[in-house]
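Shown next, in structure tokens, is the structure this report addresses.
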Number of protein chains: 2
Amino acid sequence: MGDLKKRSECPISSSLDIWGDKWSLLIVRDLMFAKQCTYGDFLKSDEKIATNILASRLQMLEENGVVIKQDHPDSKAKVLYKLTQKGIGLLPLMLEINLWADKYLTIPADRKAILEEVKKDKEGFIKVKTVELMERLELK
Amino acid sequence: MGDLKKRSECPISSSLDIWGDKWSLLIVRDLMFAKQCTYGDFLKSDEKIATNILASRLQMLEENGVVIKQDHPDSKAKVLYKLTQKGIGLLPLMLEINLWADKYLTIPADRKAILEEVKKDKEGFIKVKTVELMERLELK
DNA sequence: ATTTGCACTTGCAAAACGCAAGTAAAATTA
DNA sequence: TAATTTTACTTGCGTTTTGCAAGTGCAAAT
């Protein structure tokens, strides 16, 4: 289904071929900043992604090594999605998107507050958050 | 045509509503790293964007204040596209995409070389490049 | 005066999207 | 134990977007 055909060798282009659509980075966002992510959890997000689109994007991201599926500890009916190292590596990019939006768009006050933290010590924030995500990934 | 309907208040989502497709950031890339950008110049890029898609994306980016059209100094038949401040503000994001691709995808050797510069002094690179783009914007 | 260059626009088939409904297995409830 | 609900998808189908080719109109060059 979501098989990758590169349009060029350009790193920007190659990256966009993987997650350059309106939905993929929202999935990554949920995986980065929500406590836990099952299929149903993604559907609860404000943007209201359609179920078939969600399925195809998750498959695409999995095929490209950005996310992995894991067994849910509580139930066989549930699936836990998590970011791989490659997915966690998108953190700096996600922060820059937030900072750009903060500067040039209108964003909610509570988000602005969190971004103040990031602006104060970007490298520190990335380190701490990366460790958190890596630990979350470990406990299989 | 390209009128913006926000899916949510989330900064990531709002940003993607503007440039979150397979082509917009390639246009921004050309504006950032090529010497000059007319309509025809964009068409020459490796990814071979279709003429109608290019027109709709340029309109969308212009409507959202990311690019502006200027008269070409040499000819009335030509149009020069340039990044606005808002567009120039995408530089850190573009660099992070490059760095992610460098780490997790396969990219050409000559690109890797330039990225070594960026890795050495990211803040410095951003400052210098921003000044360059601002100057380019001035000379109307 | 005619041709070429440039910035688009138009038409149309193919693909992707988005909504609603359906399915199958697991978990819960009666 | 049987019936219902939850969970993770899949399927159908109408609408929208994409991508390719061809066309248009103005400016510049020949």
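The values are calculated or read from the model by the stated rules, or taken from the named source; none is laboratory data. This one's a predicted model, so the numbers in the text were calculated from it and none came from an experiment. Heads up, the Cβs are rebuilt from the backbone with ideal geometry, glycines too, and the neighbour counts pull from every protein chain shown. Just the protein is used for accessible areas: all its heavy atoms, side chains included, with ligands, DNA and RNA removed. Shrake-Rupley method; radii C 1.70, N 1.55, O 1.52, S 1.80 Å.
Structure note, pairs A:Lys48/A:Lys119; B:Lys5/B:Lys127; A:Lys22/A:Lys69: Cα-Cα distances above 25 angstrom occur for A:Lys48/A:Lys119; B:Lys5/B:Lys127. The other copies place their A:Lys122 label points at 0.6 nm from this one, listed shortest first, where each point is 7 Å from Cα along Cα→Cβ. Taking the axis that rotates chain A onto chain B, the chain A residue nearest to it by Cβ, with the distance rounded to whole Å, is A:Glu96, 3. The gain in end-to-end length when the B:Lys78 to B:Glu9 segment is fully stretched comes to 21.0 nm, 0.36 nm per residue minus the alpha carbon separation. Placing a label point 7 Å from Cα along the Cα-to-Cβ axis, A:Ile68 is separated from the same position in the other copies by 5.0 nm, shortest listed first.
Using alpha-carbon pairs under 8 Å, 6+ residues apart, how would you state the relative contact order of the stretch A:11-138 in percent? For the stretch A:11-138, the relative contact order is 21 percent. Heavy-atom accessible surface of the stretch A:11-138, averaged per residue, reaches 48 Å², computed with a 1.4 Å probe.
Spin-label pair A:Ala34-A:Glu63: with each label point 7 Å from Cα along the Cα-Cβ axis, the two points sit 2.3 nm from one another.
Modelling each spin label as a point 7 Å along the Cα-to-Cβ direction, I'd like the B:Lys127/A:Glu123 distance in nm, to one decimal. Between B:Lys127 and A:Glu123, the simple spin-label model gives 1.5 nm. From largest to smallest, the equivalent ellipsoid semi-axes obtained for the protein assembly as shown from the alpha-carbon gyration tensor read 33, 20, 19 Å. Only protein atoms count toward the accessible area here, which uses a 1.4 Å probe; on chain A, the carbon and sulfur part of that area reaches 56 percent. Altogether, the Stokes-Einstein calculation at 37 °C and 0.692 mPa s, with the Kirkwood radius of chain A over Cα pairs as Rh, returns a diffusion coefficient of 203 µm²/s. Shortest first, A:Ala50 label-point distances to identical copies amount to 1.9 nm, with the label point at 7 Å from Cα along Cα→Cβ.
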